[in-house]
Amino acid sequence: MKAPAKTRPHRLGIHRVVEPAGAMPQDAWRIDNTPVAAENEMLCEVDALNIDSASFRQLCETCDSDGLRIGERVMEIVGQRGKQHNPVTGSGGMFVGRVLEIGSALRGKADVAAGDRIASLVSLTLTPLHIDAVIGVDVATGRVRVRGKAILFESGLWARLPSDVHEGVALAVLDVAGAPAQVRRLCSPGQTVLVIGADGKSGLLSCAQAKARVGTSGRVIGLVPDAGTASAALLLRAGLVDELIVADARRALETSAALEAVAADLADVVINCVNVSGTELGSILCAKDGATIYFFSMATSFTAAALGAEGVARDVTMIIGNGYTKGHAEIALQTLRDHPALLAYFTERYGN
């Protein structure tokens, strides 16, 4: 096989776009997933995909949580599109694997060598991916073990896997690294912070960062659908939240009433980490005028969020869940290291 040669290799991967013409790799319907590195690309052997939460939930619903059927659907999507880009949710995930080859134009520029174990920090929605076989699907974690290859563009972000954290744990954490890093940026001492979906991967890490930022003068409130889960219990046991409230975030009035019962003035910052749609208005109603809402969830409808805020006359700043923040990989991993109980939970759940 030869590397794509239709156009001169572009640092953003535009030369890999098959259709439609003029699209970027992320919004393209199909990209060229030929597993050969161009001069400014890096070829990686892929061991596992970590499908993002919203996408994996949709796959489970469609395939009745049958691992075999989910694997077949992943193969089908990649076969059609040249990438793991869920056509329903529009989201992807990330991969973990080993560097096989570094293009001639990148050698000496990137601090990486053939054989290094890395995790991609760019979405699978723009990553050329070729899968030879799906080996297994872990329905509990959203991890898909594969034999395959992927291409990272010159602009692609990646992180060398840490030696002190189990690889499965690192994969789970790096998949949501943008959340704790953004929370660290958005929260300040003395604030009241609400984390919706506090019991998921991104929610747990966000609560830990929020608690560190608001200090003893602030409050972190976690909202979960069920207080009886191990992750919900961890939030209180490890001191990651000051209050835990139970509500269905899709029910806006129920959600805001639950918050008002413990924080009458509402929240200065709302972090939305859920993996279901329909939680936009609930998030908005929990935010006081002048507050900031960070929609990390890929299930968010930003139309619903914008029109919802207008409809209830709430003057808030709403931030799209950008998965990239400078230093986000190290911030996420350090958050885990700083909280032994959190590290133990992630190791038990994802360290297999």
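What follows is calculated from the coordinates using simple rules that are stated; it is not laboratory data. Keep in mind it's a predicted model, so treat the numbers as computed, not measured. Here Cβ is always computed from backbone atoms with ideal geometry, including for glycine, and neighbour counts include all displayed protein chains.
Multiplying the residue separation of SER104 and ARG337 by 0.36 nm and subtracting their alpha-carbon distance yields 80.2 nm. For segment 279-294, backbone phi angles converted through the Karplus equation (6.51, -1.76, 1.60; θ = phi - 60°) give residue-by-residue couplings of 10, 5, 5, x, 5, 5, 5, 8, 9, 6, 4, x, 6, 10, 10, 10 Hz, Gly and Pro being listed as x.
Couplings 3J(HN,Hα) of segment 82-91, computed from phi: x, 6, 8, 10, 4, x, 8, 8, x, 10 Hz, in residue order, whole Hz [Karplus 6.51 cos²θ - 1.76 cosθ + 1.60, θ = phi - 60°; x for Gly and Pro].
Considering only ALA304, ALA344, THR127, the residue lying farthest towards the positive end of the dipole of the chain is THR127, judged by Cα position with unit charges set on Cβ.
Taking 18 Å as the straight-line reach from the Cα of LYS109, the aspartates and glutamates in range (excluding those fewer than 8 positions away in the same chain) are GLU39, GLU41, GLU101, GLU154. A Gaussian network model of the chain, with springs between Cα atoms under 10 Å, assigns the largest mean-square fluctuation among CYS286, CYS44, CYS63 to CYS63.
Dividing the summed helix terms, -39500 (n - 2.57) for each DSSP H run of n ≥ 4, by the number of residues in the chain produces a 222 nm estimate of -9500 deg cm²/dmol to the nearest 500. Relative to one another, the C-alpha centroids of segment 36-80 and segment 183-256 are positioned 30 Å apart.
Of the residues GLY197, ALA114, SER65, the one whose Cα sits farthest toward the positive end of the charge dipole of the chain, with +1 on the Cβ of Lys and Arg and -1 on the Cβ of Asp and Glu, is ALA114. Taken along its principal axes, the alpha carbon cloud of segment 178-350 reaches lengths of 43, 34, 31 Å, longest axis first. Would you list, by chain and number, the aspartates and glutamates whose Cα falls below 12 Å from the Cα of LYS83, excluding same-chain residues fewer than 8 positions away? Of all the aspartates and glutamates, those that pass the test against LYS83 - Cα under 12 Å, at least 8 places apart if same chain - are ASP27, ASP32. Computed over every Cα-Cα pair of the chain and binned at 20 Å starting from 0, the pair-distance distribution P(r) comes out as 31, 55, 14, 0 percent. Have a look at the DSSP beta bridges in the chain and tell me what percent are antiparallel, nearest 5. The answer is about 60 percent antiparallel.
Remark on segment 96-241: Rg and Dmax equal 18.4, 54 Å (Cα only). For q = 0.09, 0.10, 0.12 Å⁻¹, what log10 I(q)/I(0) does segment 14-161 give under the Debye formula with an equal point scatterer on each alpha carbon and no solvent? Debye output, listed in q order: -0.25, -0.31, -0.45. Taking a ≥ b ≥ c as the square roots of the Cα gyration tensor eigenvalues, segment 207-260 comes out oblate, since a/c reaches at least 1.5 and a/b does not exceed b/c. Take the residue pairs LYS201/LYS326; LYS149/LYS201; LYS288/LYS326 and return only those whose Cα atoms are more than 23 Å apart. Over 23 Å Cα-Cα: LYS149/LYS201; LYS288/LYS326. Using the Karplus relation 6.51 cos²θ - 1.76 cosθ + 1.60 with θ = phi - 60°, the per-residue 3J(HN,Hα) values for segment 152-157 come to 10, 6, 4, 7, x, 9 Hz, with x marking Gly and Pro.
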